[in-house]
Protein chains: 4
Amino acid sequence: MKTPAIVLNMKMYDQSVGPTGLELSKICDDVAKETGAPIGIAPPLPDLALTVKEVDIPVFGQHVDPNSPGGCTGHITPESLKASGAVGTLVNHSERRLLMADVEADVARCKALGLDTIVCTNNLAVSKAAALFEPTFVAVEPPELIGGDISVTSADPGIVSDTANALKELAPNVKVLTGAGVKNGKDVAMAIELGTDGVLLASGVVKAADPRAVLLDLVSGL
Amino acid sequence: MKTPAIVLNMKMYDQSVGPTGLELSKICDDVAKETGAPIGIAPPLPDLALTVKEVDIPVFGQHVDPNSPGGCTGHITPESLKASGAVGTLVNHSERRLLMADVEADVARCKALGLDTIVCTNNLAVSKAAALFEPTFVAVEPPELIGGDISVTSADPGIVSDTANALKELAPNVKVLTGAGVKNGKDVAMAIELGTDGVLLASGVVKAADPRAVLLDLVSGL
Amino acid sequence: MKTPAIVLNMKMYDQSVGPTGLELSKICDDVAKETGAPIGIAPPLPDLALTVKEVDIPVFGQHVDPNSPGGCTGHITPESLKASGAVGTLVNHSERRLLMADVEADVARCKALGLDTIVCTNNLAVSKAAALFEPTFVAVEPPELIGGDISVTSADPGIVSDTANALKELAPNVKVLTGAGVKNGKDVAMAIELGTDGVLLASGVVKAADPRAVLLDLVSGL
Amino acid sequence: MKTPAIVLNMKMYDQSVGPTGLELSKICDDVAKETGAPIGIAPPLPDLALTVKEVDIPVFGQHVDPNSPGGCTGHITPESLKASGAVGTLVNHSERRLLMADVEADVARCKALGLDTIVCTNNLAVSKAAALFEPTFVAVEPPELIGGDISVTSADPGIVSDTANALKELAPNVKVLTGAGVKNGKDVAMAIELGTDGVLLASGVVKAADPRAVLLDLVSGL
């Protein structure tokens, strides 16, 4: 994925699943094509392979387990994501936290398969630790701001710039996303100004009355 | 699903995922059409919606979480399974055990949406307890026999008939599956003779050199 | 334990841990001796063996894992509880839910060692299922009432009497406790009138300005 | 704790629990007093406070949760460990892995209370990440060697020295332990020679016919 980028975690809202969610994915695809902006999406896992068939933008898993192929019913292996056409995956989202050893294993296993990883973190200390695993992205999202009305770039700009600066020094190849509460182009522009490579957001688009308009506004901030 | 039935848990083998797994799903679909046998499949979760598009047989989730629609990144909601076209789901597979309260909530939530549930259990006591939740099926599989070479119907026929008999009395509307180690039509016939409504199996088909031949053999035991 | 009984889950409040908690345990011991009432306590796990040394009333674990003796660092085995002098343990408390297979295994493992089990449940369906494991007690506590100001016996008497009645039929050897929000002797009397064998409570005593007075009041309801 | 040190994780063996375990703790106490060697112990959690009363050496928890004091039945809070007299705790042992966010929170919460933390890790990448949380110790133990007959210092000396060297640079205040398979004074001496500050071991002492003799031998390697 080119950066700065917008990654939409579609989560599991009514608007995100099944045919309704697929329409939303196609809107993202359209906006990306019209604007040339790098937009990625993480649809509900059951819809992943079908979404890949229907859009041209990068599709991510919402979660991955470090299990090897075999008898691991109900888990999501890196091999399965790759075979289904995903280009990468969220790891350790605040709504799906992982064991520390599994975060590291997920990143290493995905990297070996050429899958991008977006490791979500809750504060500066965890962001720095996760960056040492050398994922593609670290996405810092203070849990108390996720799903809320105030963008992290306004509510806590310090954590965004501190993370960006710390990672630049500690792991310069790791890109930084942020996004809790991000809703519009101004928030995106601020995220980039604070030193990040883009945003990871969810409800601001998924629950919008007009997701297309919100996406166009977000893209304007790139 | 009509019973007696064969449910294939495709698990996460190399043969199960992506386009390769989709071929396997189509073989199941073909065999079901040719023979009229009730065959259901539980493909890898990322391939679920796409598989639904490509086959006519019933498609199940490998796992479901009791979360409500909303911010539950990486989880599998009943609503998501339904929107993706699944007719039901495995619950509490031995490789994906659930909290007791969540097994009950999963069954109740799925039932409210018209989704079938196949609750997997490890012994007679847990089978009886799970049956009180009134799932569509209880699938008893002694964990030590799963993925092995000896069918539960030979290795431990007592647990199969005891479960079938106990549930007939305790929860007569709940159907019973079994399956650990089931590999051929003789095993299927024995499972039915022991009082069950069919089999839940995995590696015997997925890892077979000729899955079509194995499926035809399995169907012969119905 | 003789019933009807009062079991105090001390949880992990400031008032529950270390020497302060030990004082609270001794108050329970005193009240039990003065009144002859059956009072049991579940102190913080790190204080369990020491509490056993200091009081004569029955001491319970707050949690147990089904692991066998050996390399299971940080887990609580039934053997460890027994060796430390506990007479039994809470299982599957709403703040420490367990896998369904582990609830069953916990009860069976404890029973084999002569340890009493108090399996906590969240609704009628789970209470009935848990009762089939034949624990010593099922303690039904609607999670939304735990730690609150209104006793379950007032807020939802139906779940208490329904559970008591259902278990009388389904598993007559299993005793029933209730307790979310229980605070005084009137609540205890009502719990017994609704068909239970006593109460399991926590904050009403632990956070009381005068725990001794509250305990004496509770005992008056037996 | 003075270093180089020997920390005995007593785990949950038959020899570790109840009065038998307390005898083992006293043997450790005796050997520490006789030799002046810094020996710490992590007894079964239910025996923690009682062990503190009976020995003078440092006592550690086997596990800690990041929960705050309150309604967290069955969990182990830092406050509870401190109130019971522990000087610190193991965190994230391979038999009790934790969420990445909880490892960080555990270390921060314990530090604020003056409790030492020994964060267990499975490889170099996780060791470095954990070191950024600034625990007192990182204890690197390749899981496949734990409980085995070959000391990590022989089987994989590279991981020991690599970890020691990497942490010296990355987090010079964090001390390093190792220990999987450590059994005798020669192993201890080698661990120190490879750059660590001591060993964390378990079965080599707990399951020994003569733990006192083994401890004396271990101490000879300091």
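The values are calculated or read from the model by the stated rules, or taken from the named source; none is laboratory data. Values in this document were obtained by computation on a predicted structure and should not be read as measured data. Here Cβ is always computed from backbone atoms with ideal geometry, including for glycine, and neighbour counts include all displayed protein chains.
Here are the numbers for this structure:
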{"quantity": "Residue check, B:Gly85 at positive phi and either surrounded by fewer than 24 Cβ atoms within 10 Å (Cβ to Cβ) or not in a loop (DSSP other than H, G, I, E, B) (or both)", "calculated": "yes"}
{"quantity": "Neighbours by Cβ (under 9 Å, 6+ apart or cross-chain): first from the range C:52-79, over 21 Å from D:Glu141 (Cβ atoms); second surrounded by fewer than 24 Cβ atoms within 10 Å (Cβ to Cβ) and modelled with pLDDT under 95", "calculated": "C:Pro58/C:Met1"}
{"quantity": "Failed condition for B:Ser94, given (1) surrounded by fewer than 24 Cβ atoms within 10 Å (Cβ to Cβ); (2) among the hydroxyl-bearing types (Ser, Thr, Tyr); (3) farther than 21 Å from A:Gly71 by Cβ", "calculated": "(3)"}
{"quantity": "Sole residue being assigned to a loop (DSSP other than H, G, I, E, B), hydroxyl-bearing (Ser, Thr, Tyr) and either crowded, with 22+ Cβ neighbours inside 10 Å or modelled with pLDDT under 95 (or both), chosen from A:Ser16, A:Ser80", "calculated": "A:Ser16"}
{"quantity": "Tally of residues being surrounded by fewer than 24 Cβ atoms within 10 Å (Cβ to Cβ) and under 16 Å from the mean Cα position of the chain (by Cα) across the range C:97-106", "calculated": "1"}
{"quantity": "Qualifying residue in the range D:127-134 (condition: touching a Gly at 6+ places or on another chain (Cβ under 8 Å) and surrounded by fewer than 19 Cβ atoms within 10 Å (Cβ to Cβ))", "calculated": "no"}
{"quantity": "Of all residues making up the range C:104-160, the number that are at pLDDT 95 or above and β-branched (Val, Ile, Thr)", "calculated": "8"}
{"quantity": "Lone qualifier among B:Val219, B:Val140 - being crowded, with 21+ Cβ neighbours inside 10 Å and not aromatic (Phe, Trp, Tyr)", "calculated": "B:Val140"}
{"quantity": "Odd one out for D:Glu193, checked against (1) without any contact (Cβ under 8 Å) to a residue 24 or more places away in the chain; (2) buried (at least 22 other Cβ atoms within 10 Å of the Cβ); (3) among the acidic types (Asp, Glu)", "calculated": "(2)"}
{"quantity": "Among residues of the range A:203-222, those that are assigned to a helix (DSSP H, G or I) and at pLDDT 95 or above, counted", "calculated": "12"}
{"quantity": "Matching residues in the range C:19-41 - criterion: being at the interface with chain D (Cβ under 8 Å from one of its Cβ atoms) and either buried (at least 24 other Cβ atoms within 10 Å of the Cβ) or part of a loop (DSSP other than H, G, I, E, B) (or both)", "calculated": "C:Gly21"}
{"quantity": "Subset of the range C:1-13 [of a type in the set (Lys, Arg) and either over 23 Å from C:Thr136 (Cβ atoms) or crowded, with 24+ Cβ neighbours inside 10 Å (or both)]", "calculated": "C:Lys11"}
{"quantity": "Index of the failed condition, D:Ile118 passing every other in (1) over 25 Å from A:Ala130 (Cβ atoms); (2) within 14 Å of the chain's Cα centre (by Cα)", "calculated": "(1)"}
{"quantity": "Count of the range B:145-154 residues which are in a helix (DSSP H, G or I) and farther than 22 Å from B:Leu167 by Cα", "calculated": "0"}
{"quantity": "Considering residues of the range A:129-144 that are out of contact with any Leu (no Cβ under 8 Å at 6 or more places or on another chain) and in a loop (DSSP other than H, G, I, E, B) only, the residue farthest from A:Thr3 (Cα to Cα)", "calculated": "A:Pro142"}
{"quantity": "Residues that are in a loop (DSSP other than H, G, I, E, B) and either acidic (Asp, Glu) or within 18 Å of A:Cys110 (Cβ to Cβ) (or both), drawn from the range A:64-75", "calculated": "A:Val64, A:Asp65, A:Pro66, A:Asn67, A:Ser68, A:Pro69, A:Cys72, A:His75"}
{"quantity": "Residue identified as away from chain C (no Cβ under 14 Å) and either closer than 30 Å to A:Ala166 by Cβ or crowded, with 24+ Cβ neighbours inside 10 Å (or both) among D:Gly185, D:Gly179, D:Gly158", "calculated": "D:Gly158"}
{"quantity": "Residue in the range C:54-63 that is outside any strand (DSSP E or B), within 30 Å of D:Gly181 (Cα to Cα) and more than 17 Å from the chain's Cα centre (by Cα) present", "calculated": "no"}
{"quantity": "Cβ-Cβ under 8 Å pairs, at least 6 apart or on other chains, the range B:3-26 side farther than 20 Å from A:Leu50 by Cβ, far side among the charged types (D, E, K, R)", "calculated": "B:Thr3/B:Lys175; B:Thr3/B:Asp197; B:Pro4/B:Asp197; B:Ala5/B:Asp197; B:Lys11/B:Glu95; B:Tyr13/B:Lys207; B:Asp14/A:Glu79; B:Gln15/B:Lys207"}
{"quantity": "Count - residues of the range A:109-121 that are surrounded by fewer than 24 Cβ atoms within 10 Å (Cβ to Cβ) and under 22 Å from A:Thr3 (Cβ atoms)", "calculated": "5"}
{"quantity": "Selected residue (only one of C:Val199, C:Val182 is under 25 Å from C:Glu23 (Cβ atoms), assigned to a loop (DSSP other than H, G, I, E, B), within 14 Å of the chain's Cα centre (by Cα) and not aromatic (Phe, Trp, Tyr))", "calculated": "C:Val182"}
{"quantity": "Selection from the range B:46-84 of residues that are closer than 22 Å to A:Lys53 by Cα, among the β-branched types (Val, Ile, Thr) and within 7 Å of chain A (Cβ to nearest Cβ)", "calculated": "B:Thr73, B:Ile76"}
{"quantity": "Candidates A:Val107, A:Val126 - the one that is within 11 Å of another protein chain (Cβ to nearest Cβ), within 30 Å of A:Pro69 (Cα to Cα), in contact with an Asp or Glu (Cβ under 6 Å, 6 or more places away or on another chain) and in a helix (DSSP H, G or I)", "calculated": "A:Val126"}
{"quantity": "Residue within the range B:68-84 that is under 30 Å from B:Leu194 (Cα atoms) and in contact with a Ser or Thr (Cβ under 9 Å, 6 or more places away or on another chain) present", "calculated": "no"}
{"quantity": "Failed criterion for A:Thr163 (all others in (1) under 23 Å from A:Leu99 (Cα atoms); (2) in a helix (DSSP H, G or I); (3) in contact with a Pro (Cβ under 7 Å, 6 or more places away or on another chain) hold)", "calculated": "(3)"}
{"quantity": "Output for the range D:154-198, where each listed residue is among the hydroxyl-bearing types (Ser, Thr, Tyr) and farther than 16 Å from D:Ala5 by Cα", "calculated": "D:Ser154, D:Ser161, D:Thr163"}
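Yes/no per residue for (1) more than 9 Å from every other protein chain (Cβ to nearest Cβ); (2) touching a helix residue (DSSP H, G or I) at 6+ places or on another chain (Cβ under 7 Å):
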{"residue": "C:Val87", "(1), (2)": "yes, no"}
{"residue": "C:His93", "(1), (2)": "no, no"}
{"residue": "C:Met100", "(1), (2)": "no, yes"}
{"residue": "C:Leu132", "(1), (2)": "no, yes"}
